[in-house]
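Working notes for the structure below.
Please treat every number below as a calculation from the coordinates, not as lab data. Since this is a predicted model, take the numbers as computed values, not measurements. Here Cβ is always computed from backbone atoms with ideal geometry, including for glycine, and neighbour counts include all displayed protein chains.
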Amino acid sequence: MIATENNIFKGDKFAIQVIAKGSYIDNGVGDGSSYTVEATTIRLNHVALNKWSGTHQFNCRNVYADGPEGDAEYDAYKARVQQQLDFFNAQIMSDLRINPDQGGILITQSQAEVFTVVQIWENEPAKEDKPEPTQYPRMTPYERTQAAVYATGNKWAIENFNATH
């Protein structure tokens, strides 16, 4: 949940505060494509920070027994930590209403409880199909002048045009 009030942020549920958000279009990739880069700086409450820190307590392989049994324990540990990290990332994306299927997403710790969420996606290429210009029958100079005079609605100008042409 995005905390909009301090009492929500200090509550017992996973909550974040949006500190800043911005985006830009990156056209300088050289192959003609363009990308949108959106960066959001967030602050985690104590519950969210504990969820994140639980995904960063690393055991190394040496902690487990030698052999296939130790390998299996270590692999199970890595899978459990990855599952917790995936859940944490999914919660952040859900709270920020980020579509996980749109482009790439990176969530990193910046400082203490402050994190940066960056999403990059490719923009749709501009359509080259330009509509055909509407073809009107070409008007003669006489017809253009007549249309301009009649468009004014000035009866003396219309009488003068009719008398002289």
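A simple spin-label model places pseudo-atoms 7 Å from Cα toward Cβ; at Thr145 and Ala65 they are separated by 10.7 nm. Going from the fewest other Cβ atoms within 10 Å to the most, the residues Thr55, Thr164, Thr152 appear in the order Thr164, Thr152, Thr55. For the chain, the longest principal axis of the Cα atoms and the long axis of helix 68-95 meet at an angle of about 40 degrees. The count of lysine pairs in the chain whose Cα atoms are under 28 Å apart, excluding pairs fewer than 8 places apart on the same chain, comes to 7. Helix 141-152 and the longest principal axis of the Cα set of the chain meet at an angle near 80°. Under the criterion of Cα pairs below 8 Å and six or more residues apart, the relative contact order for the range 6-122 equals 29 percent. Shown here: mean projected area of the Cα convex hull in nm², derived from the displayed model; of the candidates (1) 9.1; (2) 21.3; (3) 15.8, it corresponds to (2). Toward the positive end of the charge dipole of the range 6-122, with +1 on the Cβ of Lys and Arg and -1 on the Cβ of Asp and Glu, the farthest Cα among Phe115, Phe87, Phe58 is that of Phe115.
In the neighborhood of Val63, defined by Cβ-to-Cβ distances under 15 Å, what is the net charge if each Lys or Arg adds +1 and each Asp or Glu adds -1? Around Val63, the surrounding residues sum to -2.
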